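Notes to accompany the following structure.
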Protein chains: 2
Amino acid sequence: MARLPVYLRCLSDLPTSQSTCSSDQLAAIAGVNPAQVRKDLSHIDARGVRGVGYDIDELRRELRHALGLIKTYGVAIIGAGHLGTALANYPGFVGWGFEVRAIFDVDPTKVGEEADGLVVEPLTDLELIVAKRSISIGIVATPSYAAQDVADRLVRSGVRSILNFAPAILRRAPGVEVRRVDLSTELQILAFHLQHA
Amino acid sequence: MARLPVYLRCLSDLPTSQSTCSSDQLAAIAGVNPAQVRKDLSHIDARGVRGVGYDIDELRRELRHALGLIKTYGVAIIGAGHLGTALANYPGFVGWGFEVRAIFDVDPTKVGEEADGLVVEPLTDLELIVAKRSISIGIVATPSYAAQDVADRLVRSGVRSILNFAPAILRRAPGVEVRRVDLSTELQILAFHLQHA
DNA sequence: TAGATTGTTAATCGATTAACAATC
DNA sequence: TAGATTGTTAATCGATTAACAATC
């Protein structure tokens, strides 16, 4: 559930002096209701101690476990433009169990270039490399018109989780989770706010 | 409201043969309930015709109007790394009334570089340029540690809408809308899905 | 008129929160 | 024991949806 990663991050914002934290504290940092926190944590079977709170280290472990951050996930980025390169380089992935194992591009002039320790590989090798390097998450950073095709190829290669940055809506295949980061929608929501405040 | 941009985009997916569309059609494309569509549209006073549907051109106009896409919004990007450069270049902004009017960086070696028609300007000039170029939306594409400071400076300069790409949670100031694009949270949600499906 | 589709009400559903007994 | 805080139930709230009269 989408609040768990937030709690996990909030644990880092706690004073290092304490080894335990209350649902109230966590709720204040996360900006949600304390009852919400307790319900979410109880849902993933993270237990606290009445009158005391939650053990921070244990809670961190339980959150990481619930989020599947014990494993390491192989990530492939498709599209080695500015965005793809930025993503390959994104510091937020490090330490959360995500490993960018490939970056692809159709453009032959880009293939072979180095992008942050990775060599850009030809899109034609997608299926092969996805299988060989156990890639389970695909990030689509191509132009809009290429996005659906790339997504289809990822799905055929066995990828079941896709993060889409192209300003295109992808057909959803059964069993495949697609999340979309849609920058113009984000800006439109901000614009809506500017008008109504 | 967050579904309006989606409807707007869906209008483009309609067959060009029709000049009118039903809430059912729109709902199918947007992946929501028809009653939802009707309620949302009625909320922004976009009226349809019983037995006929909504006039597509009129609806597009009304959606753009409700979303404030009549105006042009000045956007500043802070951070001229790969991500900032990718954003300056993002094709999804064009045609939606967003105009990137400045890109800043602290790094003196980056200042003066050209990033897609814009010259990278020194962060010290932020306040000045935000005011002079009527910038109303700020995009934070800095490293995490710099994000809060940059956001504070944007707010002091009068910016009321911030899109944050740094993996940091920003303190929220009253009247300021902050939206966060958090790539590691997105990946964590995908990882959660991989585990539970 | 018959068929289609809106606009809106009322019912449903789910998510959030208040409250409190349990208990450290 | 007194104070704090959990875990969970029940109440609340809001959002979604079904249903249907209005009407083109």
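The values are calculated or read from the model by the stated rules, or taken from the named source; none is laboratory data. As the structure is a prediction and not an experimental result, all values here were calculated from the model. Don't worry about glycine lacking a Cβ; one is built from the backbone with ideal geometry, like all the others, and counts go over all protein chains shown.
Against the numbered list (1) within 16 Å of DNA strand C (Cβ to nearest atom); (2) more than 27 Å from A:TYR145 (Cα to Cα), B:PRO15 comes up short only at (2).
Anything in the stretch A:140-152 that is within 12 Å of chain B (Cβ to nearest Cβ) and not in a helix (DSSP H, G or I)? List them, or say none. Once the filter is applied, which keeps residues that are within 12 Å of chain B (Cβ to nearest Cβ) and not in a helix (DSSP H, G or I), the stretch A:140-152 yields A:ALA141, A:THR142, A:PRO143. If you go through the stretch A:60-110 and pick out every residue that is at pLDDT 90 or above and polar (S, T, N, Q), you end up with 1. Hey, can you tell me all the residues within the stretch A:36-52 that are more than 14 Å from chain B (Cβ to nearest Cβ), more than 8 Å from DNA strand D (Cβ to nearest atom) and part of a loop (DSSP other than H, G, I, E, B)? A:ASP45 - this is the single residue of the stretch A:36-52 that is more than 14 Å from chain B (Cβ to nearest Cβ), more than 8 Å from DNA strand D (Cβ to nearest atom) and part of a loop (DSSP other than H, G, I, E, B).
Residues considered: A:VAL111, A:VAL106, A:VAL150, A:VAL140. Of these, the only one that is surrounded by 12 or more Cβ atoms within 10 Å (Cβ to Cβ) and either over 24 Å from A:PRO167 (Cβ atoms) or not assigned by TED's automatic domain parsing to the domain that holds A:ILE162 (or both) is A:VAL111.
Would it be correct to say that B:GLY95 is closer than 24 Å to A:PRO143 by Cβ, surrounded by fewer than 22 Cβ atoms within 10 Å (Cβ to Cβ) and not aromatic (Phe, Trp, Tyr)? Yes; evaluated as a whole, the condition is true for this residue. Name the single residue, out of those in the stretch B:61-90 being more than 18 Å from the chain's Cα centre (by Cα) and outside the structural domain of B:ILE129 (by TED's automatic domain parsing), that is nearest to DNA strand C (Cβ to nearest atom). Residue satisfying both the conditions and the ranking: B:GLU62.
In the condition set (1) in a strand (DSSP E or B); (2) surrounded by fewer than 18 Cβ atoms within 10 Å (Cβ to Cβ); (3) in contact with a Ser or Thr (Cβ under 8 Å, 6 or more places away or on another chain), A:VAL119 is compliant with all but (3). Inclusion of A:SER157 among residues that are modelled with pLDDT under 85 and of a type in the set (S, T, N, Q) is not warranted. For the stretch B:153-184, the candidate set comprises residues that are assigned to a helix (DSSP H, G or I) and within 10 Å of another protein chain (Cβ to nearest Cβ); within that set, the residue that is surrounded by the fewest Cβ atoms within 10 Å (Cβ to Cβ) is B:SER184. Restricting attention to the stretch A:1-26 and to residues that are free of Cβ contacts under 8 Å to residues at least 40 places away in the same chain and within 14 Å of another protein chain (Cβ to nearest Cβ), the residue that is farthest from the chain's Cα centre (by Cα) turns out to be A:LEU26.
Pairs linking a residue in the stretch B:28-54 that is more than 24 Å from A:ILE169 (Cβ to Cβ) to a residue that is among the basic types (Lys, Arg) and near DNA strand C (Cβ under 8 Å from one of its atoms), with Cβ atoms under 6 Å and 6 or more positions apart or on different chains, do not occur. Residues in the stretch A:40-55 that are within 9 Å of DNA strand C (Cβ to nearest atom) and surrounded by 12 or more Cβ atoms within 10 Å (Cβ to Cβ): 1 in all. Scanning the stretch A:22-35 for residues that are near DNA strand C (Cβ under 9 Å from one of its atoms), farther than 15 Å from A:LEU59 by Cβ and at pLDDT below 95 turns up A:VAL32, A:ASN33.
Within the set A:VAL75, A:VAL32, the sole residue that is more than 10 Å from DNA strand D (Cβ to nearest atom), more than 27 Å from A:TYR90 (Cα to Cα), within 14 Å of another protein chain (Cβ to nearest Cβ) and surrounded by 15 or more Cβ atoms within 10 Å (Cβ to Cβ) turns out to be A:VAL32.
Within the stretch A:61-72, residues that are within 10 Å of chain B (Cβ to nearest Cβ) reach partners that are outside any helix (DSSP H, G or I) and among the β-branched types (Val, Ile, Thr) with beta carbons closer than 7 Å, at six or more positions or on different chains, in the pairs A:ARG64/A:ILE70; A:ALA66/A:ILE44.
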